Amino acid sequence: MNVLGIETSCDETAAAVVAGPSKILSNVVSSQIEAHAGYGGVVPELAAREHLRNIGVVVRTALAESGLTICDIDGVAVTCRPGLIPALLVGLSYAKGVALSGGLPLIGINHFLGHIYSAFIERPDLLRDDKAFPVVALVVSGGHTALIRIDRDGTTSMLGQTLDDAAGEAFDKAAKILDLGYPGGPIIDRLARDGNPKAFDFPRGLTGGSGKPLKEQDRFNFSFSGIKTALLYKVQAGAAEGGRDKDIVASYQAAIVDVLVSKSLAAAQEYQAATLIMCGGVACNSRLRSVMTDAAREKKVALVIAPPKYCTDNAAMIGALGYHYLRHGVCSGLELAANARLGQELGKLPFAPAFRA
Ligand code: KG4
Ligand code: ZN
């Protein structure tokens, strides 16, 4: 069985051909970074125009690189939520056209769940192992910062999420304040390597560290808007001058990483997770990867971090998760709609070992 995956929820036009839960035959990503760089963020209508221009060639390249033709495809999986509506509509309409013309099933995929699946692509052993569950997943990207629990029967529960900005947004907005370029995450990651992470004090939102007691319901929630404001005030006071921008971004990054690591491990311990997974664009961050690895080792929690090529937006994760849905006959009709929101009901995940029970 072969699935064509299509992803256009934000600023990457992506297509992949997948022949099994871990068998990625091709994974093509066309980035629009240059188109949006001058704006310091993604402009939805511009993203849609770029997707429209690129989608045909991206899908044809994914098919060519897989060595298959459209006649070999058994289903089309496409991101239908959450994301920028004009951007989602391009991939969704294209996928519907392919499905309709080929008489193929259409599978609507939640992008957030696709990110979670990205951590399993190269770990098929976990998908068969009852003992690898429950899983606690940290999804940390430009659009999301959330902790979710997945049980061995695939049941999902949201443990907490950001109340304001996502962690990736905090990186991107900091780079905008400091005029470093877009997207901010990779730039700050590189610059911070030569800086002192203890040079400046930044708030660790919703950790109870500021003297404000932490409410029970916020234990696994996040807030990154305060740190961005703190940066703005420091920069206005001249803190980034005289070559100190490296120190300021290193300290800023360290504060974000501290919060992500401490909350993820607290959740893993509280819910007795057998596996902690980390995925999404910010999971590429070198400090986050190393601090999370050390902390998980110390607390004896098995950690799986998605490979960098599957952390940032891609269609391999969409096609591979789609493969599981298709195998269980969970498909969508041609009336499938685009939705900007994550949705309250994430449903049962069909890759968990006891999903059918
Ligand atoms: O998962 P993704 O490609 O798109 C969303 O679904 O949002 O994540 C993009 C985000 C951006 O905010 C980008 O700055 C951030 O991931 N990012 C990073 C790094 N690489 C990408 N953040 C910190 N460090 C990085 N190395
Ligand atoms: Zn994403």
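Bear in mind that the values in this text are calculations on the coordinates, not laboratory data. What you see is a predicted model, and the numbers here were worked out from it, not measured in a lab. FYI the Cβ positions are ideal-geometry reconstructions off the backbone, even for glycines, and counts take in every protein chain you see.
Loop sites here are trypsin sites (Lys or Arg not before Pro) outside DSSP states H, G, I, E and B with no more than 13 other Cβ atoms within 10 Å. The longest part of the chain free of them is 1-127.
Name the shape class, rounded, prolate or oblate, that the alpha-carbon gyration tensor gives for the chain, where a ≥ b ≥ c are the square roots of its eigenvalues, rounded holds for a/c under 1.5, and otherwise prolate holds if a/b is larger than b/c and oblate otherwise.
It comes out oblate by the Cα gyration axes.
Using just its DSSP H runs of length 4 or more, each adding -39500 (n - 2.57), the chain gives a mean residue ellipticity at 222 nm of -12500 deg cm²/dmol after division by all residues. Indicate the gyration tensor shape class of the range 40-100 (rounded, prolate or oblate), computed on the Cα atoms with a ≥ b ≥ c the square roots of the eigenvalues: a/c under 1.5 is rounded; otherwise a/b larger than b/c is prolate and the rest oblate. Because a/c hits 1.5 or more and a/b exceeds b/c, the range 40-100 counts as prolate. Please work out whether the range 164-320 counts as rounded, prolate or oblate from its C-alpha gyration tensor, where a ≥ b ≥ c are the square roots of the eigenvalues and a/c under 1.5 means rounded, while otherwise a/b larger than b/c means prolate and anything else oblate? Note, shape of the range 164-320 comes out oblate. Two numbers describe the Cα atoms of the range 56-213: Rg and Dmax, which are 20.3, 62 Å. Between Val57 and Lys215, the modelled labels are 5.0 nm apart [label points 7 Å from Cα along Cα→Cβ]. Note on Lys198 and Glu345: the model spin-label points, each 7 Å out from Cα along the C-beta direction, lie 5.2 nm apart.
Note on the range 36-96 and the range 17-34: Cα centroid distance 11 Å, given to the nearest whole angstrom.
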